[in-house]
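Before any comments, here is the structure.
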Amino acid sequence: MTRTSARPRSTVRAIALGALVLGLAAGCGADSGSDEAPAVEGPGASEQEDAGTADDDTASEGAASDDGAASDDGGEAPAAGAAALPEDADLATEQLPITAEKAVEIGLGAAGGGELVQIEIDHDDDVWEWELEIVDGGRQHDLDIDATSGEVTEHDQDDDDDQDPAVDVTSPMPYAEAIEIALGKEPGRVSGWDLSSDDGRIRYTIDIDRSGGDDVEVEVDVETGEVRVDD
(Lines give C-alpha, C1' and ligand atoms only; values in the text may rest on other atoms or scores of the structure.)
Protein backbone atom coordinates (compact mmCIF):
# COMPACT_ATOMS: atom_id res chain seq x y z
CA MET A 1 0.00 0.00 0.00
CA THR A 2 1.46 3.30 -1.19
CA ARG A 3 1.43 6.19 1.27
CA THR A 4 0.87 9.72 0.05
CA SER A 5 2.20 12.46 2.22
CA ALA A 6 0.12 15.74 2.22
CA ARG A 7 1.78 19.21 2.23
CA PRO A 8 1.44 21.13 5.38
CA ARG A 9 -1.25 23.85 5.26
CA SER A 10 1.31 26.57 5.93
CA THR A 11 3.11 25.72 2.68
CA VAL A 12 -0.08 25.94 0.66
CA ARG A 13 -0.91 29.31 2.12
CA ALA A 14 2.55 30.63 1.30
CA ILE A 15 2.19 29.57 -2.34
CA ALA A 16 -1.22 31.18 -2.64
CA LEU A 17 0.02 34.44 -1.09
CA GLY A 18 2.94 34.56 -3.52
CA ALA A 19 0.61 34.16 -6.49
CA LEU A 20 -1.55 37.00 -5.19
CA VAL A 21 1.46 39.32 -4.86
CA LEU A 22 2.57 38.56 -8.41
CA GLY A 23 -0.90 39.27 -9.71
CA LEU A 24 -1.09 42.64 -7.95
CA ALA A 25 2.34 43.61 -9.25
CA ALA A 26 1.29 42.81 -12.79
CA GLY A 27 -1.85 44.90 -12.37
CA CYS A 28 0.09 47.93 -11.10
CA GLY A 29 2.48 47.74 -14.06
CA ALA A 30 -0.45 47.87 -16.48
CA ASP A 31 -2.02 50.89 -14.69
CA SER A 32 1.24 52.91 -14.61
CA GLY A 33 0.92 53.85 -18.32
CA SER A 34 -2.77 54.70 -18.18
CA ASP A 35 -2.14 58.42 -17.39
CA GLU A 36 -0.97 59.12 -20.97
CA ALA A 37 -3.73 59.54 -23.52
CA PRO A 38 -3.49 57.01 -26.29
CA ALA A 39 -2.36 58.34 -29.63
CA VAL A 40 -5.29 59.07 -31.92
CA GLU A 41 -4.83 57.64 -35.33
CA GLY A 42 -6.80 58.16 -38.50
CA PRO A 43 -8.64 61.28 -39.77
CA GLY A 44 -9.34 62.57 -36.27
CA ALA A 45 -5.62 62.96 -35.55
CA SER A 46 -4.90 65.12 -38.61
CA GLU A 47 -7.90 67.35 -37.90
CA GLN A 48 -6.71 67.96 -34.35
CA GLU A 49 -3.20 68.81 -35.57
CA ASP A 50 -4.56 71.20 -38.22
CA ALA A 51 -6.76 72.93 -35.63
CA GLY A 52 -3.81 73.38 -33.27
CA THR A 53 -1.64 74.79 -36.06
CA ALA A 54 -4.37 77.23 -37.11
CA ASP A 55 -4.76 78.47 -33.54
CA ASP A 56 -1.00 79.06 -33.28
CA ASP A 57 -0.95 80.94 -36.61
CA THR A 58 -3.91 83.09 -35.59
CA ALA A 59 -2.24 84.04 -32.34
CA SER A 60 0.97 84.95 -34.18
CA GLU A 61 -0.92 87.10 -36.68
CA GLY A 62 -2.75 88.86 -33.89
CA ALA A 63 0.50 89.68 -32.12
CA ALA A 64 2.04 90.95 -35.37
CA SER A 65 -0.95 93.17 -36.12
CA ASP A 66 -0.79 94.70 -32.67
CA ASP A 67 2.92 95.47 -33.01
CA GLY A 68 2.62 96.89 -36.53
CA ALA A 69 -0.63 98.83 -36.15
CA ALA A 70 1.10 102.14 -36.77
CA SER A 71 3.26 100.93 -39.67
CA ASP A 72 0.48 100.77 -42.31
CA ASP A 73 0.91 104.42 -43.15
CA GLY A 74 4.54 103.87 -44.03
CA GLY A 75 5.81 106.45 -41.60
CA GLU A 76 4.86 109.31 -39.41
CA ALA A 77 1.55 110.99 -40.27
CA PRO A 78 1.98 114.71 -40.93
CA ALA A 79 0.60 116.57 -37.92
CA ALA A 80 -2.76 114.80 -37.85
CA GLY A 81 -5.22 116.75 -35.74
CA ALA A 82 -2.77 119.60 -35.14
CA ALA A 83 -4.28 122.98 -34.30
CA ALA A 84 -4.02 125.67 -36.97
CA LEU A 85 -2.27 128.91 -36.11
CA PRO A 86 -4.45 132.04 -36.15
CA GLU A 87 -4.17 134.50 -39.01
CA ASP A 88 -2.31 137.00 -36.87
CA ALA A 89 0.30 134.48 -35.66
CA ASP A 90 3.89 135.66 -35.44
CA LEU A 91 6.11 133.22 -37.35
CA ALA A 92 9.11 134.46 -35.39
CA THR A 93 7.74 132.98 -32.17
CA GLU A 94 5.17 130.38 -33.26
CA GLN A 95 5.78 127.22 -35.29
CA LEU A 96 3.46 125.89 -37.93
CA PRO A 97 2.38 122.23 -37.61
CA ILE A 98 4.04 121.57 -40.99
CA THR A 99 7.51 123.09 -40.85
CA ALA A 100 9.42 124.32 -43.87
CA GLU A 101 11.58 121.19 -43.81
CA LYS A 102 8.52 118.95 -43.74
CA ALA A 103 6.85 120.92 -46.53
CA VAL A 104 9.92 120.45 -48.73
CA GLU A 105 9.87 116.72 -47.99
CA ILE A 106 6.19 116.48 -48.92
CA GLY A 107 6.70 118.55 -52.06
CA LEU A 108 9.63 116.48 -53.32
CA GLY A 109 7.64 113.34 -52.70
CA ALA A 110 4.67 114.65 -54.69
CA ALA A 111 6.91 115.82 -57.54
CA GLY A 112 8.86 112.57 -57.61
CA GLY A 113 12.16 114.27 -56.85
CA GLY A 114 13.93 117.32 -58.20
CA GLU A 115 15.36 120.53 -56.72
CA LEU A 116 13.64 123.21 -54.70
CA VAL A 117 14.07 126.63 -56.33
CA GLN A 118 11.52 128.64 -54.34
CA ILE A 119 9.48 128.31 -51.13
CA GLU A 120 7.04 130.76 -49.58
CA ILE A 121 4.77 130.74 -46.53
CA ASP A 122 1.81 133.07 -46.04
CA HIS A 123 -1.80 133.13 -44.87
CA ASP A 124 -4.18 132.88 -47.82
CA ASP A 125 -7.88 132.00 -48.07
CA ASP A 126 -8.15 131.50 -44.29
CA VAL A 127 -5.30 128.97 -44.16
CA TRP A 128 -1.53 129.01 -43.70
CA GLU A 129 -0.10 127.60 -46.88
CA TRP A 130 3.31 126.68 -48.27
CA GLU A 131 3.95 127.44 -51.93
CA LEU A 132 6.81 125.48 -53.50
CA GLU A 133 8.46 125.52 -56.88
CA ILE A 134 10.40 122.36 -57.70
CA VAL A 135 12.26 121.65 -60.93
CA ASP A 136 13.00 118.13 -62.12
CA GLY A 137 14.59 117.46 -65.50
CA GLY A 138 13.20 120.53 -67.22
CA ARG A 139 9.78 120.07 -65.62
CA GLN A 140 8.48 122.66 -63.16
CA HIS A 141 6.16 121.65 -60.33
CA ASP A 142 4.17 124.34 -58.53
CA LEU A 143 2.67 122.96 -55.32
CA ASP A 144 0.46 124.36 -52.59
CA ILE A 145 0.68 122.51 -49.26
CA ASP A 146 -1.59 123.07 -46.28
CA ALA A 147 0.69 124.15 -43.44
CA THR A 148 -1.60 122.56 -40.85
CA SER A 149 -2.45 119.17 -42.33
CA GLY A 150 0.34 118.64 -44.87
CA GLU A 151 -2.18 118.04 -47.66
CA VAL A 152 -1.10 118.94 -51.20
CA THR A 153 -4.01 121.15 -52.25
CA GLU A 154 -2.70 122.06 -55.69
CA HIS A 155 -0.07 120.63 -58.03
CA ASP A 156 0.55 122.22 -61.44
CA GLN A 157 3.23 121.17 -63.91
CA ASP A 158 4.81 122.98 -66.81
CA ASP A 159 7.98 123.05 -68.89
CA ASP A 160 10.84 124.98 -67.26
CA ASP A 161 13.35 126.95 -69.30
CA ASP A 162 14.84 128.90 -66.40
CA GLN A 163 18.08 127.95 -64.75
CA ASP A 164 17.30 129.14 -61.24
CA PRO A 165 19.69 127.87 -58.56
CA ALA A 166 18.47 125.41 -55.96
CA VAL A 167 17.66 126.80 -52.52
CA ASP A 168 17.85 125.19 -49.08
CA VAL A 169 15.93 126.30 -45.98
CA THR A 170 18.69 124.96 -43.72
CA SER A 171 21.94 125.97 -45.49
CA PRO A 172 23.93 128.17 -45.75
CA MET A 173 21.44 130.21 -43.69
CA PRO A 174 18.48 128.65 -41.87
CA TYR A 175 15.23 130.60 -42.12
CA ALA A 176 15.17 131.16 -38.34
CA GLU A 177 18.48 133.01 -38.60
CA ALA A 178 17.22 135.11 -41.51
CA ILE A 179 14.14 136.07 -39.48
CA GLU A 180 16.31 137.08 -36.54
CA ILE A 181 18.50 139.25 -38.79
CA ALA A 182 15.46 140.90 -40.36
CA LEU A 183 13.87 141.68 -36.98
CA GLY A 184 17.13 143.24 -35.87
CA LYS A 185 16.65 145.74 -38.69
CA GLU A 186 12.86 146.12 -38.55
CA PRO A 187 11.03 144.99 -35.39
CA GLY A 188 7.47 143.73 -35.76
CA ARG A 189 5.35 140.63 -36.43
CA VAL A 190 6.61 138.18 -39.06
CA SER A 191 3.58 137.44 -41.22
CA GLY A 192 5.36 135.37 -43.87
CA TRP A 193 8.60 134.82 -45.73
CA ASP A 194 10.04 133.68 -49.05
CA LEU A 195 13.29 132.02 -50.13
CA SER A 196 14.22 132.37 -53.80
CA SER A 197 16.87 133.76 -56.12
CA ASP A 198 17.24 137.02 -58.01
CA ASP A 199 19.93 137.41 -60.67
CA GLY A 200 21.59 134.28 -59.34
CA ARG A 201 21.74 135.51 -55.75
CA ILE A 202 19.71 133.64 -53.16
CA ARG A 203 17.95 135.67 -50.51
CA TYR A 204 15.16 135.54 -47.96
CA THR A 205 12.35 138.07 -48.10
CA ILE A 206 10.80 138.49 -44.65
CA ASP A 207 7.34 140.10 -44.42
CA ILE A 208 7.07 142.20 -41.24
CA ASP A 209 4.04 144.03 -39.90
CA ARG A 210 5.20 147.07 -37.96
CA SER A 211 3.51 148.07 -34.73
CA GLY A 212 2.25 151.25 -36.43
CA GLY A 213 0.12 149.22 -38.82
CA ASP A 214 2.14 149.33 -42.05
CA ASP A 215 4.22 146.46 -43.38
CA VAL A 216 7.69 146.12 -44.82
CA GLU A 217 9.81 143.56 -46.64
CA VAL A 218 13.32 142.84 -45.45
CA GLU A 219 15.69 140.99 -47.78
CA VAL A 220 18.56 138.97 -46.32
CA ASP A 221 21.32 137.55 -48.54
CA VAL A 222 22.03 133.93 -47.51
CA GLU A 223 25.72 134.16 -48.43
CA THR A 224 26.72 137.54 -47.06
CA GLY A 225 23.97 138.30 -44.52
CA GLU A 226 23.51 141.68 -46.20
CA VAL A 227 20.16 143.31 -45.38
CA ARG A 228 18.00 145.50 -47.60
CA VAL A 229 14.68 147.06 -46.52
CA ASP A 230 11.98 147.46 -49.16
CA ASP A 231 9.24 149.81 -48.04
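The values are calculated or read from the model by the stated rules, or taken from the named source; none is laboratory data. Keep in mind the model is a prediction, meaning the values are calculated, not measured. All Cβ positions, even for glycine, are placed from backbone atoms using ideal geometry, and neighbour counts span all protein chains on display. Just so you know, the surface numbers come from the protein's heavy atoms only, side chains and all, with ligands and any DNA or RNA stripped out. Shrake-Rupley method; radii C 1.70, N 1.55, O 1.52, S 1.80 Å.
With a ≥ b ≥ c taken as the square roots of the eigenvalues of the C-alpha gyration tensor of the range 85-197, please select rounded if a/c is under 1.5 and otherwise prolate if a/b is larger than b/c or oblate if it is not?
It is oblate, given that a/c is not under 1.5 and a/b is not larger than b/c.
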Review point. From the Cα gyration tensor of the range 140-200, with a ≥ b ≥ c the square roots of its eigenvalues, which class applies: rounded if a/c is under 1.5, or else prolate if a/b is larger than b/c, or else oblate?
Key: oblate
Check your understanding: Ignoring ligands, DNA and RNA, what percent of the 1.4 Å accessible area of the range 96-182 is carbon and sulfur?
Key -> 37
Practice item. Give, in nm to one decimal, the length gained when the segment between THR224 and GLU105 is fully stretched (0.36 nm per residue of separation minus the Cα-Cα distance). Key: 40.2 nm
**Study point:** Phi-based couplings in Hz for the range 103-113 (Karplus 6.51, -1.76, 1.60; Gly and Pro marked x)
**Key:** 4, 5, 4, 5, x, 5, x, 5, 7, x, x
Study note, to complete from the structure: Interchain or sequence-distant (5+) residues whose placed amide H lies within less than 5 Å of the amide H of ALA92 are VAL190
Point to revise | Inter-probe distance in nm under a simple model that places probes 7 Å from Cα toward Cβ, at GLU94 and ALA176 | key: 1.8
**Study point:** Relative packing of 159-169, 198-208, which averages over residues the other C-beta atoms within 10 Å, highest first
**Key:** 198-208, 159-169
